[in-house]
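Novice: I'd like to ask some things about the structure below.
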Amino acid sequence: PVAIVLRDVGMCYDGETWALRDVNLTVREGEFVSLLGPSGCGKSTILRTIAGLQTVTSGSVEVLGSPAGELFNRRGELSFVFQEPTLMPWRSVLANVALPLELMGVPKRERLSRAMEMLAMVGLDSVANKLPRQLSGGMKMRVSIARALVSNPKLLLLDEPFAALDEITRERLQEELLRLWQRFGMTVVFVTHNVFEAVYLSSRVVVMQANPGTVRAELSIETPYPR
Ligand code: ADP
Ligand code: ADP
């Protein structure tokens, strides 16, 4: 089964230059795909398009069987993780992780227990009652990932999530993301400009180029990880 299809996608922001042109891309369910390319080649644009945060100028985008954007009506099926963790500063770590479930109308008891379980899965159950500002950068990113996965989404989109972290923390989080992917089996689209990260993490690397942003090559990787 197919999770995402981009057909002849073009994006023109200013009515003149094409940020994306002739992008054709299919992502199968359960795949871990990286979008790799230099700054400005349109990686984030593709991700926002898949999330339905932006409409394309030409072509079509289908996500989980519907035109992109309609997923807003199916809360919890798609999660987005940004480079800068966007946690609510006045809410505890636990309440932050529980937020997507709150928006979905899950009863309080259940959402807190599911959020706690998810926090334990990223090794942060001991800081559940702290505020985001009391955590390190790596911990905040873990909380963001926990919040993204608490609704058990079919699709996880990550936009350079580890770029701002130091190397050791980044490596730890890469391992953790792989572990979560193996465990939950969600489809992952991961944006990075780091070649090593793309090759190490994904089952397929989509190599992009800029001016205009388009897919230059696709590289399939035999992962040693059992699924
Ligand atoms: P990447 O994520 O690969 O760095 P982006 O998708 O952010 O690339 O950007 C692709 C191109 O589109 C760039 O030339 C960028 O300047 C332009 N662009 C991105 N977002 C906007 C926007 N909201 N308005 C105008 N131009 C944009
Ligand atoms: P990470 O690899 O997530 O960046 P650190 O190396 O920053 O983690 O932190 C190591 C440990 O120190 C964490 O597991 C955490 O228990 C503790 N810690 C770090 N920063 C804080 C903080 N601001 N408040 C409480 N505990 C912290």
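Novice: With the chain treated as a Gaussian network of Cα nodes joined by springs under 10 Å, which of T214, T187, T57 yields the largest mean-square fluctuation?
Specialist: Of T214, T187, T57, the Gaussian network model singles out T57 as fluctuating most.
Novice: Now for a separate question. Hey, what's the chain come to in accessible area per residue, 1.4 Å probe, Å²? Don't jump to the answer; show the numbers that get you there.
Specialist: Values: 10940 Å² over 227 residues.
With all protein chains present, the chain gives 48 Å² per residue.
Novice: Can you say what percent of the DSSP beta bridges in the chain, counting only those with both residues inside, are antiparallel? Round to 5.
Specialist: 50 percent
Novice: Also, I was wondering about something else. How long, wide and thick is the range 105-199, going by the Cα atoms along their three principal axes, in whole angstroms, largest first?
Specialist: Between the extreme Cα coordinates on each principal axis of the range 105-199 lie 43, 31, 18 Å.
Novice: When the helix-only estimate is applied to the chain (DSSP H runs of n ≥ 4, each -39,500 (n - 2.57), divided by the residue count), what is the mean residue ellipticity at 222 nm, nearest 500 deg cm²/dmol?
Specialist: Computed ellipticity for the chain at 222 nm equals -10000 deg cm²/dmol.
Novice: Okay, next question. So which lysines pass the test for K108, namely a Cα distance under 28 Å, with those fewer than 8 places away in the same chain ruled out?
Specialist: K130, K140, K154
Novice: Further question on the same structure: Determine how large the accessible area of E197 is when every protein chain is in place; take a 1.4 Å probe and give Å² rounded to the nearest 10.
Specialist: 10 Å²
Novice: Keeping the other protein chains in place, figure out the carbon and sulfur percent of the accessible area of the chain, with a 1.4 Å probe.
Specialist: After summing per-atom areas, the C and S share lands at 50 percent.
Novice: Run the numbers for R91 and A164: contour at 0.36 nm per residue of separation, minus the present Cα-Cα distance, in nm.
Specialist: Here the segment from R91 to A164 would lengthen by 24.0 nm.
Novice: Please state the charge dipole magnitude for the chain, taken about the Cα centre, from unit charges on C-beta atoms (+1 on K and R, -1 on D and E), reported in debye and rounded to the nearest 20.
Specialist: About 800 debye.
Novice: Hey, another quick one. Compute, for S44, the solvent-accessible surface of its heavy atoms (probe 1.4 Å) with the complete set of protein chains present, and express it in square angstrom to the nearest 10.
Specialist: Accessible surface of S44 is approximately 40 Å².
Novice: Keeping all protein chains in position, work out how much accessible area D8 exposes to a 1.4 Å probe, and write it in Å² to the nearest 10.
Specialist: 90 Å²
Novice: Where both partners of a DSSP beta bridge lie in the range 130-227, what percent of those bridges are antiparallel, to the nearest 5?
Specialist: 55 percent
Novice: List, largest first, the extents of the alpha carbons of the chain along their principal axes, each in whole Å.
Specialist: That gives 49, 37, 34 Å along the principal axes, largest extent first.
Novice: Within straight cross-link reach of K43, meaning Cα distance under 18 Å, which lysines are found once same-chain residues fewer than 8 apart are removed?
Specialist: Output for K43: empty list, no partners.
The values are calculated or read from the model by the stated rules, or taken from the named source; none is laboratory data. A quick note: this is a predicted structure, and the numbers were derived from the prediction, not measured. Because the Cβ atoms are built from the backbone with ideal geometry, glycine has one as well, and the counts that use them run over all protein chains shown. Areas reflect the complete protein model, heavy atoms only, side chains present, ligands, DNA and RNA absent. Shrake-Rupley method; radii C 1.70, N 1.55, O 1.52, S 1.80 Å.
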